[in-house]
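Take a look at the structure set out below.
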Ligand code: BG6
């Protein structure tokens, strides 16, 4: 895990041929190329980095580079803004663009892989990274062909790595099968399974805050913590991804990966060292300790929701069933709320409530640690029932930072209390360069640091954690409706109310 903002001791990544499969897709245009540009801006790429787009459409090298440039200048401009307000710099882009080329090829044809080999031979280094920014149905097909064509064979002077995007499988069985396929043609140390949440500075900061400040460890357990809430609220709908989302739903899309990453960062034990295996081992352990609910408990402890027509940003928006490529009677969930328990020494008895949804009232990803109440005896004469419990809120996005909700005495006669906030906002302390979140991940992959990537057991344990819900829902696909612009259905509130708790406000 590399701290890119302190550039002083960070060296440029080694020369490499970086193949982008799915070169015409959204991920490449919106995130990967802006990230590569930002890395160029920060002097973190070697001049021997060659970027090779791979896809089935015909286009020249120059045409491909120009298409990327045009897109970034218009659609992804905010991702590459310089602090002085300047957008894509012509000089910097030219430095990157001269190293961009393109291979037209079918992912299923041997000739494509022969062309890739030629590209590697033409570079001064044998290092190569194959980034699979493709539809998931191609993952095993491409990897098998890379293996069969000998492109994954490493030498002491040349690494060969594969980056796999999500979704990594759609349940425990498919994730295991995909892992088995990858591991049949390469070793674990060549595989970089991406979860873009791990590229977020604020997510990485959870580890630093917990393990570099002695204070936190003293209360980070079931003696002091009442429960934990993890929220990833979005205002966007399914946009153009109706056909993908219909078969996926909010649970598969967000839980086993992004929300469980947040849960793991909050709940894992301190690793013995900050190496990739130690960190990933602890994360796998804590996610593996999620209690497997019985089908009845899984139903009781989960809520599926779907948005109907409403408002977003002051404008009317259609309901999920009216979106393109969505069935008029779809029961796919666009919102999910879960209660999970972690059965280990530190967390036994502490519920973790997780929720995520599209078309909610505000964009807000945060973790709230809710502490047990103080003994109130000495404030018998105050209206203690109106005091809020103490919370530590870790805001992942937007307005990144951390806030403690505490009680303080209101000035004046009498003993009156008020809620106050003790906070740290990222923007007040650090000069934050615009970024896509992929900069650290790309750089770490090029430099061989797997800390922020998922190991096979991390992925499989994530799916194990949601499998009871997937199984329970197979028999009952009812969804609770909520209006676009609201924070999920009433049933999600009832889930916490049954335990005498409430969700914190979103936004
Ligand atoms: C993606 C999901 O992995 O994460 C999307 O497929 C979701 O549905 C996105 O919108 C959320 O990411 P972020 O970084 O905007 O929180």
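The values are calculated or read from the model by the stated rules, or taken from the named source; none is laboratory data. Worth saying up front: this structure is predicted, and the values here are computed from it rather than measured. No Cβ is skipped: glycine too gets one built from the backbone with ideal geometry, and neighbour counts run over all protein chains shown.
Just to be sure before I move on: is residue 235 under 21 Å from the mean Cα position of the chain (by Cα), modelled with pLDDT of 90 or more, within 12 Å of the ligand (Cβ to nearest atom) and not in a loop (DSSP other than H, G, I, E, B) in the structure I sent?
no
So is residue 450 more than 16 Å from the ligand (Cβ to nearest atom), touching a residue at least 40 places away in the same chain (Cβ under 8 Å), surrounded by 16 or more Cβ atoms within 10 Å (Cβ to Cβ) and part of a loop (DSSP other than H, G, I, E, B) or not?
Values: more than 16 Å from the ligand (Cβ to nearest atom): yes; touching a residue at least 40 places away in the same chain (Cβ under 8 Å): yes; surrounded by 16 or more Cβ atoms within 10 Å (Cβ to Cβ): yes; part of a loop (DSSP other than H, G, I, E, B): yes.
Against the criterion (more than 16 Å from the ligand (Cβ to nearest atom), touching a residue at least 40 places away in the same chain (Cβ under 8 Å), surrounded by 16 or more Cβ atoms within 10 Å (Cβ to Cβ) and part of a loop (DSSP other than H, G, I, E, B)), residue 450 qualifies.
Are any of the residues in the stretch 360-383 at positive phi and modelled with pLDDT of 95 or more?
Pass one, the stretch 360-383, residues at positive phi: none.
No; the residues of the stretch 360-383 include none that is at positive phi and modelled with pLDDT of 95 or more.
Scanning for something modelled with pLDDT under 95, on the phi > 0 side of the Ramachandran plot and surrounded by fewer than 22 Cβ atoms within 10 Å (Cβ to Cβ), does the stretch 78-85 turn up at least one residue?
yes
Quick check on residue 321: is it at pLDDT 95 or above, farther than 26 Å from residue 349 by Cβ and either out of contact with any strand residue (DSSP E or B) (no Cβ under 7 Å at 6 or more places or on another chain) or within 16 Å of the ligand (Cβ to nearest atom) (or both)?
It is true that residue 321 is at pLDDT 95 or above, farther than 26 Å from residue 349 by Cβ and either out of contact with any strand residue (DSSP E or B) (no Cβ under 7 Å at 6 or more places or on another chain) or within 16 Å of the ligand (Cβ to nearest atom) (or both).
Could you check residue 362 against (1) surrounded by fewer than 21 Cβ atoms within 10 Å (Cβ to Cβ); (2) within 21 Å of the chain's Cα centre (by Cα); (3) away from the ligand (no atom under 16 Å from the Cβ) and say which number it fails?
Only one criterion in (1) surrounded by fewer than 21 Cβ atoms within 10 Å (Cβ to Cβ); (2) within 21 Å of the chain's Cα centre (by Cα); (3) away from the ligand (no atom under 16 Å from the Cβ) is unmet by residue 362, namely (3).
Which of the residues that make up the stretch 281-296 are in contact with a helix residue (DSSP H, G or I) (Cβ under 6 Å, 6 or more places away or on another chain) and assigned to a helix (DSSP H, G or I)? Full working, then the answer.
Filtering the stretch 281-296 for residues in contact with a helix residue (DSSP H, G or I) (Cβ under 6 Å, 6 or more places away or on another chain) gives 283-284, 286-288, 290, 292-293, 295.
283, 284, 286, 287, 288, 295, listed by residue number.
Hey, any hits in the stretch 443-450 for a residue that's in contact with a strand residue (DSSP E or B) (Cβ under 6 Å, 6 or more places away or on another chain), modelled with pLDDT of 95 or more and farther than 19 Å from residue 191 by Cβ?
Filtering the stretch 443-450 down to residues in contact with a strand residue (DSSP E or B) (Cβ under 6 Å, 6 or more places away or on another chain) leaves 443, 445-447.
Still in the running and modelled with pLDDT of 95 or more: 443, 445-447.
Now restrict to residues that are farther than 19 Å from residue 191 by Cβ: none.
No, the stretch 443-450 has no match at all.
Each row is one residue, and each column tells you yes or no for (1) buried (at least 18 other Cβ atoms within 10 Å of the Cβ); (2) outside any loop (DSSP other than H, G, I, E, B); (3) away from the ligand (no atom under 16 Å from the Cβ).
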| site | (1), (2), (3) |
| --- | --- |
| 239 | no, no, no |
| 250 | yes, yes, no |
| 260 | yes, yes, no |
| 264 | yes, yes, yes |
| 269 | no, no, yes |
| 277 | no, yes, yes |
| 298 | yes, yes, yes |
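Listed here are the residues, each with its yes/no results for (1) at pLDDT below 95; (2) within 19 Å of residue 53 (Cβ to Cβ); (3) surrounded by fewer than 21 Cβ atoms within 10 Å (Cβ to Cβ).
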position	(1), (2), (3)
135	yes, yes, yes
140	no, no, yes
147	no, no, yes
153	no, no, yes
164	no, yes, no
169	no, no, no
173	no, no, yes
177	no, no, yes
180	no, no, yes
